[in-house]
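> The structure is given below, and queries will be raised subsequently.
The values are calculated or read from the model by the stated rules, or taken from the named source; none is laboratory data. Note that the structure is a prediction, hence the values are computed from the model and not measured. Quick reminder, even Gly has a Cβ in these numbers, built from the backbone with ideal geometry, and neighbours come from all protein chains shown. Accessible surface areas use protein heavy atoms only, side chains included; no ligands, DNA or RNA. Shrake-Rupley method; radii C 1.70, N 1.55, O 1.52, S 1.80 Å.
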Amino acid sequence: MVESRAPLVGDDTKHVGFLFDPVFLEHRTPPGHPESPRRLKSILDHLSTSGLLGRLRSLPVTPAPREDLLAVHDRAYLEELALPGERYLDPDTFISSRSREAALAAAGAVCSALDSCRAGEISRAFCAVRPPGHHAEPARGMGFCLINNAAVAARHAQRIGYARVMIVDFDVHHGNGTQAAFYDDDTVFYFSTHEYPHYPGTGAASERGTGKGVGFTRNIPLSSGSGDAEMRHAYHDVFRAETAAFRPDCCIVSAGYDLHEGDPLADLAVSDQGVREIVRTIVAACAGMPLVCTLEGGYHLATLARCVGITLEELLL
Ligand SMILES: [Zn+2]
């Protein structure tokens, strides 16, 4: 779908990759569910009409390598996902007939983007995927998430030579799954800003890691109504300092746009300009290293599409 819209001529001059696959639309959710295929259609329409899509290097998506999946998720949980039949994993999280295929491709997209960075084809990428990933824990899916795309990609990054991985998560919800995957690990840093208290309940400032992972998890919980000023402090002051101290080899961004004031699922008050400043600060702090964004939340369709466009404008700079 994307390949037919994006001109291939001159692709070798494009440094920002874009990864999408029609299988992401085949993860079906019940009528009225906010995490619907319409989210990606809205993004694709906006990127197409705005001309942004033509400035991106369209890259193919392959399923996540099994060893990277097993580096994050329990074998028994992966087998459970493979069981036939449509069903609810939790009251919010539905599995349709092709959900597992979509989830493996979603995680695979982030891995593929890192491969392309490693090969020198691109320096940054945006993965327009669903289902999202950051709530998926090693042994269970939840909160619309089946496979933890960012976490699997972090293990993939390490396997292809990026020893130290920064994961930064600006989705309005705390990425409990990503935190759990690396809580005792000093090679993957997890940085999150999120509304608190709010779903899923984790993400207190006191959660800083365990064992040798102490100091490699940083949570910035924000009260309802927080907006651009609080985010400016979190990213300009805290994230920059943590990144400088950690010295990562690559950066994976859990890009959730439900932090926006227009989103129906939460109550932060971040503006378009606030989203731009967050992304700009992350890009600057991670200059000189691969940076791959993976879509998490964002449920107001027009706002979501516009903010993905803003993100891509910053990645293209
Ligand atoms: Zn979210």
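> Out of the residues in the range 26-52 meeting the condition of being of a type in the set (G, A, S) and part of a helix (DSSP H, G or I), tell me which one is surrounded by the fewest Cβ atoms within 10 Å (Cβ to Cβ).
S48
> Now for a different question. Suppose we keep only residues that are part of a strand (DSSP E or B) and closer than 23 Å to T178 by Cβ within the range 60-101. Which one would you say is farthest from the chain's Cα centre (by Cα)?
Out of the qualifying residues, it is Y88.
> Do we find a residue being more than 16 Å from the ligand (Cβ to nearest atom) and closer than 25 Å to A119 by Cβ anywhere in the range 217-237?
No, every residue in the range 217-237 fails to be more than 16 Å from the ligand (Cβ to nearest atom) and closer than 25 Å to A119 by Cβ.
> Same structure again: Would you please name the residue that is nearest to E230 (Cα to Cα), looking only at residues in the range 278-304 that are in contact with a helix residue (DSSP H, G or I) (Cβ under 6 Å, 6 or more places away or on another chain), touching a residue at least 40 places away in the same chain (Cβ under 8 Å) and away from the ligand (no atom under 16 Å from the Cβ)?
T281
> Something else now. Cβ-Cβ under 8 Å, sequence separation 6+ or interchain: first residue in the range 78-89 and among the hydroxyl-bearing types (S, T, Y), partner surrounded by 15 or more Cβ atoms within 10 Å (Cβ to Cβ) and part of a strand (DSSP E or B). Which pairs?
Pairs that qualify, where the first residue is among the hydroxyl-bearing types (S, T, Y) and the partner is surrounded by 15 or more Cβ atoms within 10 Å (Cβ to Cβ) and part of a strand (DSSP E or B), are Y88/F94; Y88/I95.
> Which strands (runs of 3 or more DSSP E) sit wholly inside the range 201-317 and have at least 1 residues that are among the hydrophobic types (A, V, I, L, M, F, W, C), modelled with pLDDT of 95 or more and open to solvent by less than 10 Å² (accessible area, probe 1.4 Å)?
Result: 250-255, 291-295.
> Separate question: Can you pull out the residues in the range 276-317 that are among the acidic types (D, E) and closer than 21 Å to S48 by Cβ?
E313, E314
> Would you pick out the residues in the range 243-276 that are without any contact (Cβ under 8 Å) to a residue 60 or more places away in the chain and acidic (D, E)?
E261, D272 - these are the residues of the range 243-276 that are without any contact (Cβ under 8 Å) to a residue 60 or more places away in the chain and acidic (D, E).
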